[in-house]
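Q: Encoded as structure tokens, here's the structure I'll be asking about.
Please treat every number below as a calculation from the coordinates, not as lab data. This is a predicted model, so every value here is computed, not measured. Quick reminder, even Gly has a Cβ in these numbers, built from the backbone with ideal geometry, and neighbours come from all protein chains shown.
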Amino acid sequence: MLEQLDHIMASLASFTPEVWLIVAFVALISWDLITPEVQEEGRGGFFHFLTFLVFAVLGLFVYHQWQTQSPGALFHQMLMLDGKALFFKALITLSALIAILHSWVMKRRWSGEFFSILIGMVFGLFLLSMATNLLMVYLSLEVVSISSYILTAFRGDRKSSEGGMKYVLFGSVSSGLMLYGMSLLYGLTTTLDFTNPAFGRILLSVDPLVSASALILAMSGLLFKISAVPFQIWNPDVYEAADTPVVSFFSVAPKAAAFLVLMRLFSVLPLNFQPVLAVISLVTITIGNFSALWQTDAKRLMAYSSIAQSGFVMVGLVAFSSLGNQTALFYLATYLFGTMASFVLIDALSSSGRKNSVPISSFNGIGKQQPLAAVLLTIAFLSLVGLPLTVGFSAKLLVFSSLWEAYQQTSLNLFLILFAFGLLNTAVSLAFYLKIPFALFFRKANDEALPVSLPRGALFLSLLLVLPIILLFIKTDWLINWISGI
Amino acid sequence: MNPELLLWIILLLPFAGFLLLILSGRSANTWSGWLGLGFSLVGLGFSFQTTQITTIEVTHTWISEALPFALRADDLTRKMLLLVLFIASLVQLFSLEYMREDKNRFRYFAFLQLFVGSMLGILLANNLLILYVFWELVGLSSYLLISFWYTKPEAVLAARKAFLVNRIGDVGLALGIFGVYNRLGTLDFSVLTSPEFISNPYWTVIGLLLFCGTLAKSAQFPLHVWLPDAMEGPTPVSALIHAATMVAAGVYLLARIFPILTPDALVVIALIGTITMVMGALYALTQTDIKKTMAYSTVSQLGLMVLAVGVGAPHAAMFHLFTHAFFKAGLFLSSGSVIHSLHHAGHGFDAQDVRLMGGLRKKLPVTFLAYTVCAAALSGLPLTSGFLSKDEILHEAFQATAHSWKLIFPIAATISAGLTAFYMAKQWRLVFFGNWRNEHIELESVHESSWLQKLPLVVLAVLSLPFLFSLNPLGEHVDLGVALGSTAVALTGIVLAIIRYKSVERLDQLTDVPLLTLDQLYQTVIVNPFLKFADFCTWIDRVIVDGIVNGSAKSQVILAHMLGWLDRYVVDGIPTGTAYVVGTIGKMTRRFQGGQVQSYIVVTMLGLAALLIWWTW
């Protein structure tokens, strides 16, 4: 009994960022309850500042852990604190910082709970990025999901509520499926800790039909989070329903954490699982890109784009090698800049205000009014396409070269198809990503459109986000060295 | 100082001066001359330092191992460095006064620096490629300086002529260099000394091709036509470039490549030199322009040097190059002084026409003295430097050609020495003696200019005396026969000239019959047929080529229409079809997005089921 307590106490020492998040969560919600809201439409700059501070301090905690922590299991193999977990914590913190800055510079107002829930979601994500136990995965995923549901529906108008409701229903189904799969896995292996060597060994020995069914079902919740086929359908509705800073956060942080869990899970799976992932990746890329072609709404377009981008990250996982994982990490890290910069600029440049839908036609001719911002947005999009001079190119090059290596080792024809299809899709994606830059620069401005006033902060923030896109293309080795050191 | 650094400084200093001046623009006008003079004097000082050291070599890998950037300063180079920098300094000193009123002085001095740098490059080059590079730069700076007064059409035409004629020679030089590289795989001068080249037709051709460079640069027949026209440039430029240094570069080149010149090539070279020498002297006889006389005289003297190389005495040629540089520069600067004085006395007449001069010795005493000494040197009278070098050449030539038909070379040289003495005495007489023949201005208004101008004259006149070259004023080893003979010939020329022009006191007595120059010949033989050919080409171009082009254009348009049809209905069909297919796929994938959450879930379930079935199949 005492030993157990000692262990928990020791583990708590490595749990400081999470403890800080809990404290901040409670403090912020209490503050909101105690102090009266001054304005009708909600809390503004000050709460943004507080939340920013919370995340900034969180970043310091993560940095401190990075400096001092040696990899190790916490709380009886429930959690695993290693380099990868810290890398993803850093990514999540960074995206949370950017999201809150985005909301701040665009002068959004929220009721106080918004900020606490955002902190709660980050807490869930932190747990998820450390989870090595199926139960822990499920629990943290639920924390993340429930926070997401609330944030999606937060504005409370009709569109928002509808999107939130769809999200809840769809999310519950997938988490039900996941729970089902997990219970099957537990039944087969008699352990919830999937890093346990027995876990993989037993899965190899049972009938493939059984193990595959259980695994695919158990993966459902994760596939749902990364919006991979066949769990991608919710994406556009939610992106449209939620407010842009929230969407920006959704497009990176939950995805990243779920990818990490998938990565951990795959590292113990039998090799013959590769084709499943290849097919999922292939179909995800294709559906994402081809559906995006017809979009007339910028946020829905970004939703499909984020589906396709998930497919590209999966290409890195398909390789089933440490190199493949590293390239996936690289892809995710750089994707953060491209996509979040795009969201900031879409939000700032669109003349349609803060409605749910942002028609692409609302960008017509704005490139002449706001040349710098328009160019920045174009660069961000080019990075998402993966054209050279942007880090998106390096990322795509890396994942596809890891795939090529995997193909040469296994000579699996499916990989070749994935390779060819992936490249083809990159070309297709050019067509829809350039829609908005085309509208910005070549379409004539709508007559009734008001001149866009771009907040200086938004411009600054997007400049800050676009800079690494170019810089990391030139100095790709910085990030690669960091990642390969994990 | 580090010898390599020394060479680099000597070479780069003028280029630095050039950049400094040309970039400073008009604001440099006031100090440009002094700066140029200073740079040249510093260079001169450094060049004196090189004489303390034995042969210096600098080699940097440049194009390849076989074609390095190599500089070398041996005995000959060092002497030439001193010569060029010394005369350049004097000329710039002279120019300070001469160009005082020009608005573009900075450009003038900048170009002079460019010229000096390029010339030093030729001297310092240790392989033919480097030499060729600087050779071209020299041509460029010569072009720039001839056309310095570019508002004068004659100057522009003269510059263009000089440039084009030099191109012809340079093409030959380039071909020769290629030929050397082809056979030896290197262009290094040190390799050009081995004796295996003798009597090989290949090397005869190469030698003559390289000689083409000399033909143009040193104004040898038949490419001499540019030099008289080049006198359109400022007179100090003529003194420096077109008398003392650049035109001598051809002779220098011959001295450098002398070891690979075969006996056959040497005969051709001697022949060309002889023709040039005699022809130049004949032309000089009839000139009435003070500078044109000098120009033809230079042509003639260069012919003599080339002849000396041709009979196998390159050291005698180089010796004459040195002595000639001093007294010819002195003569040019004296002429410049005369022109400058007349120019200042009044306008409205040709200040270079000797028919409009006379009796100037009292008005321009220093100029007169300098001119007299230098002219005596050019005529080859004893107790002058010209005597030493000319006799050396004659002596060598008579020795080398004794008992063969080649004896005509030294005999022709002796005759042309007489002619030289004749035309120099004629000019001396017409400019400085007799009555003042100019009706536009009074003789009284003519006066000499400041010591800035007179100092270089005096220096050059002193250096035209033999003491710099030999302790014995009659030479170290006098060939009595030759010395007496040549002196006699020169004196005869002088006496004849004085008798001929003694009674000439009026203008109309001085109109000589102009000789047919090669310019007319070139006009009828080359230029006119060339223009006819150009007309013919125009006709071909207009009627035949344009016809073909128009015809093909028409057929292209027809073809384009056909292709356009094909493109629209067949080729475009493919992308349109592809786009349609892609779009349809998109619509299909989007159709799942009905908006109803129950259908979402159904689709997801079906997808999951499909995945499982595919996987476990």
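Q: Distance between the C-alpha centers of region A:175-221 and region B:102-148? Whole Å please.
A: 87 Å
Q: Could you rank the peptides B:432-439, A:396-403 by their average count of other C-beta atoms within 10 Å per residue, with the highest value first?
A: By packing density, highest mean first, the sequence is A:396-403, B:432-439.
Q: Along the charge dipole of the protein assembly as shown, which of A:Pro359, B:Leu521, A:Leu97 sits closest to the positive end, that is, farthest toward it, with unit charges on the beta carbon of Lys, Arg, Asp and Glu (+1, +1, -1, -1)?
A: Value computed over the given set: A:Pro359.
Q: Relative to the Cα centre, what is the charge dipole magnitude of region B:377-467, using +1 at the beta carbon of each Lys and Arg, -1 at the beta carbon of each Asp and Glu, and rounding to the nearest 20 debye?
A: 240 debye
Q: Once you have the Cα-Cα distance between B:Val191 and B:Leu468, take 0.36 nm times their residue separation minus that, and quote the gain in nm to one decimal.
A: Value of the extension gain: 96.4 nm.
Q: Sticking with this structure for a sec: Identify the residues of region A:263-299 with backbone N under 17 Å of a label point that sits 7 angstrom from the Cα of B:Tyr580 along the Cα-to-Cβ direction, or state none.
A: Under cut-off, by backbone N: nothing.
Q: According to a simple spin-label model (label point 7 Å from Cα along Cα-to-Cβ), what is the distance in nm between A:Thr190 and A:Ser361?
A: 6.6 nm
Q: Another question about this same structure. How many Cβ atoms of partner chains, on average, are near each residue of B:606-614 if near means within 10 Å of its Cβ?
A: Per residue, the number of nearby Cβ atoms from other chains is 5 on average.
Q: Roughly how big is the protein assembly as shown's charge dipole about its Cα centre, with Cβ charges of +1 (Lys, Arg) and -1 (Asp, Glu), in debye to the nearest 20?
A: 1480 debye
Q: When Lys and Arg each count +1 and Asp and Glu each count -1, what net charge do the other residues less than 15 Å away from B:Val458, Cβ to Cβ, add up to?
A: With Lys, Arg at +1 and Asp, Glu at -1, the net is -1.
Q: Calculate how steeply helix B:314-345 sits against the longest principal axis of the alpha-carbon atoms of chain B, using the helix alpha-carbon long axis, and give the answer as 0 to 90 degrees to the nearest 10.
A: Roughly 80 degrees, rounded to the nearest 10.
Q: While we're here: Name the chymotrypsin sites (Phe, Trp or Tyr not before Pro) in region B:346-381 that are in a loop by DSSP and that have at most 15 other C-beta atoms within 10 Å, would you?
A: Answer in residue order: B:Phe349.
Q: Continuing with this model, one more query. Compute the helix-to-body angle for B:573-591: its Cα long axis versus the longest principal axis of chain B, expressed 0 to 90° and rounded to tens.
A: Long axis of B:573-591 versus the principal axis of chain B: about 50 degrees.
Q: A follow-up question, please. Would you list B:Thr55, B:Thr487, A:Thr68 from fewest to most Cβ contacts within 10 Å?
A: A:Thr68, B:Thr55, B:Thr487
Q: Using Cα-only point scatterers and the Debye equation, what is log10 of I(q)/I(0) for region A:1-269 at each q in 0.15 Å⁻¹, rounded to two decimals?
A: With one equal scatterer per Cα and no solvent, log10 I(q)/I(0) is -1.11.
Q: Could you please state, rounded to a whole Å, how far the C-alpha centre of region B:419-433 is from the C-alpha centre of region B:515-562?
A: 51 Å
Q: Tell me which lysines have Cα within less than 21 Å of B:Lys454's Cα, excluding those fewer than 8 residues away on the same chain?
A: B:Lys291, B:Lys328, B:Lys362, B:Lys363
Q: Rounded, prolate or oblate, given the Cα gyration tensor of region B:218-257, with a/c below 1.5 counting as rounded?
A: Oblate is the answer for region B:218-257, as a/c is 1.5 or above yet b/c matches or exceeds a/b.
Q: Same structure, new question: So what is the relative contact order of region A:1-269, in percent, for Cα pairs below 8 Å that sit 6 or more residues apart?
A: 21 percent
Q: Ranking request for peptides A:23-36, B:324-337, A:166-179, B:226-239: highest mean number of other beta-carbon atoms within 10 Å first, then the rest in descending order.
A: Ranking the peptides A:23-36, B:324-337, A:166-179, B:226-239 by packing returns B:324-337, B:226-239, A:166-179, A:23-36.
Q: Quick one: grab the alpha carbon gyration tensor of chain A, order the square roots of its eigenvalues as a ≥ b ≥ c, and give me rounded if a/c is under 1.5, else prolate or oblate depending on whether a/b is larger than b/c.
A: Since a/c reaches 1.5 but b/c is at least a/b, the shape of chain A is classed as oblate.
Q: So for the pair B:Leu455, B:Leu383, with labels modelled 7 Å out along Cα→Cβ, what separation do we get in nm?
A: Each label point lies 7 Å from its Cα, and together they span 2.8 nm.
Q: Relative to the longest principal axis of chain B, what angle (0 to 90°, nearest 10) does the C-alpha long axis of helix B:480-502 take?
A: Approximately 90 degrees, to the nearest 10.
Q: Further question: Name the residue farthest towards the positive end of the dipole of region A:314-448 from the options A:Leu329, A:Ala348, A:Ala406, assuming +1 on Cβ of Lys and Arg, -1 on Cβ of Asp and Glu, about the Cα centre.
A: Going by the charge dipole, the pick is A:Ala348.
Q: What distance in nm separates the simple spin-label points at A:Tyr180 and B:His315, each placed 7 Å from Cα in the Cβ direction?
A: Here the modelled spin labels are 11.2 nm apart.
Q: If you don't mind, there's one more thing I want to ask. So how do A:Ile366, A:Ile474 line up by other beta-carbon neighbours within 10 Å, fewest first?
A: A:Ile474, A:Ile366
Q: Looking at chain A, which longest stretch skips every one of the GluC sites (Glu not before Pro) that is in a DSSP loop with at most 10 other Cβ atoms within 10 Å, leaving the sites themselves out?
A: Here the longest run is A:42-447.
Q: Now for a different question. Expressed as a rounded percentage, what relative contact order does chain A have, with Cα pairs under 8 Å and six or more residues apart?
A: Relative contact order comes out at 14 percent.
Q: On to the next question. Can you tell me the FRET efficiency between B:Glu65 and B:Ile9 if r is taken as the Cβ-Cβ distance and R0 is 35 Å, rounded to the nearest 0.05?
A: E between B:Glu65 and B:Ile9, to the nearest 0.05, is 0.85.
Q: Could you tell me which residue out of B:Ile257, B:Ser449, B:Leu333 lies farthest along the dipole of chain B toward its positive end? Charges go on the beta carbon: Lys and Arg +1, Asp and Glu -1, centred on the Cα centre.
A: The residue sitting most towards the positive pole is B:Ser449.
Q: Take the alpha-carbon centre of region A:302-329, take the same for region A:279-299, and report the distance between them in whole Å.
A: 15 Å
Q: Also, I was wondering about something else. At 20 °C and 1.002 mPa s, what whole-number value in µm²/s does Stokes-Einstein give for the translational diffusion of region A:1-148, with Rh from the Kirkwood sum over Cα pairs?
A: It diffuses with D of about 133 µm²/s by this estimate.
Q: Sorted from fewest to most neighbouring beta carbons within 10 Å, what does the list B:Arg100, B:Arg355 look like?
A: B:Arg100, B:Arg355
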